[in-house]
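Engineer: Structure provided below as structure tokens; questions to follow.
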Amino acid sequence: MADSNDQHAELPEGDAALARPYARAVFELANSRGELQTWSDRLALMAAVVSNDTMTTLLANPRLGKSEAGALVIRACGDDIGEHAQNLLNVLAENGRLGQLPMIATLYNQFRDEAEGTVEAEVISAMPLSDAQKSAIAEALKKRLGRDVQLNCSVNEDLVGGAVIRAGDLVIDGSAVEHLRQLSSALVH
């Protein structure tokens, strides 16, 4: 599951409910046209544009009309996003949903991954993982989830040791910090 502000983290249900119909419609269009990757890229760009601090400020201006908001985002994204993406931006602007683009991108990529039989897993570890460790994690997740796994690995030294793995709805927290929290909780109770 590709980027769009931590695309496969747990989704706030209200935001997901608002974004899901748009994401589903985009997925169906992209799938029917054989443009799954193209739309992943477009949605990532559009989500980045509306998440930009300057753009957020401009879009929050009460003097900016809905059609002007759509046109502003289209200009910022560039002409090469295509007619369908421009239509999507205009519909989102008219419905006051431009801010839903990061969630739409996240859900779209989940639909895409399901259709392609893959899942993206985020692995956050205290230290960089070796290729052998990455392969072992990917293989274990593939067996557990029954799908091909693409790993996105990052390092967070605050974990002290171990790792946190997120793949779709699955979260495995094997970090030293989590073990210490559990131990502390057990001692208190």
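The values are calculated or read from the model by the stated rules, or taken from the named source; none is laboratory data. Remember, it's a predicted structure, so these values are computed and weren't measured experimentally. Because the Cβ atoms are built from the backbone with ideal geometry, glycine has one as well, and the counts that use them run over all protein chains shown.
Engineer: Could you list, ordered by first residue, the pairs with Cβ atoms under 6 Å in which the first is in the range 70-99 and more than 14 Å from Leu45 (Cα to Cα) and in the same structural domain as Thr54 (by TED's automatic domain parsing) and the second is hydrophobic (A, V, I, L, M, F, W, C) and loosely packed, with under 14 Cβ neighbours inside 10 Å, at least 6 apart or interchain?
Structural biologist: Short answer, once both residue conditions are applied: none.
Engineer: Looking at Leu107, Leu64, Leu129, can you tell me which residue is assigned to a helix (DSSP H, G or I) and either surrounded by 14 or more Cβ atoms within 10 Å (Cβ to Cβ) or assigned by TED's automatic domain parsing to the domain that holds Ala23 (or both)?
Structural biologist: Values: Leu64 fails: assigned to a helix (DSSP H, G or I); Leu129 fails: assigned to a helix (DSSP H, G or I).
Every option except Leu107 fails the conditions.
Engineer: Testing His84 on (1) under 30 Å from Leu64 (Cα atoms); (2) assigned to a loop (DSSP other than H, G, I, E, B), one condition comes back false. Which one is that?
Structural biologist: (2)
Engineer: Condition test on Leu59, is it over 14 Å from Tyr22 (Cβ atoms), in contact with a helix residue (DSSP H, G or I) (Cβ under 8 Å, 6 or more places away or on another chain), in the same structural domain as Arg20 (by TED's automatic domain parsing) and in contact (Cβ under 8 Å) with a residue 40 or more places away in the chain?
Structural biologist: Values: over 14 Å from Tyr22 (Cβ atoms): yes; in contact with a helix residue (DSSP H, G or I) (Cβ under 8 Å, 6 or more places away or on another chain): yes; in the same structural domain as Arg20 (by TED's automatic domain parsing): yes; in contact (Cβ under 8 Å) with a residue 40 or more places away in the chain: yes.
The answer is yes for Leu59.
Engineer: May I pose another question? Within the range 6-27, take every residue that is among the aliphatic types (A, V, I, L, M) and in a helix (DSSP H, G or I) and give me the one that is modelled with the lowest pLDDT.
Structural biologist: If we take residues in the range 6-27 being among the aliphatic types (A, V, I, L, M) and in a helix (DSSP H, G or I), then Ala16 is modelled with the lowest pLDDT.
Engineer: Another question, if that's okay. Look through Leu145, Leu180 and report the one residue that is more than 29 Å from Ser32 (Cβ to Cβ) and not assigned by TED's automatic domain parsing to the domain that holds Gln37.
Structural biologist: Details: Leu145 fails: more than 29 Å from Ser32 (Cβ to Cβ).
Answer to the check: Leu180.
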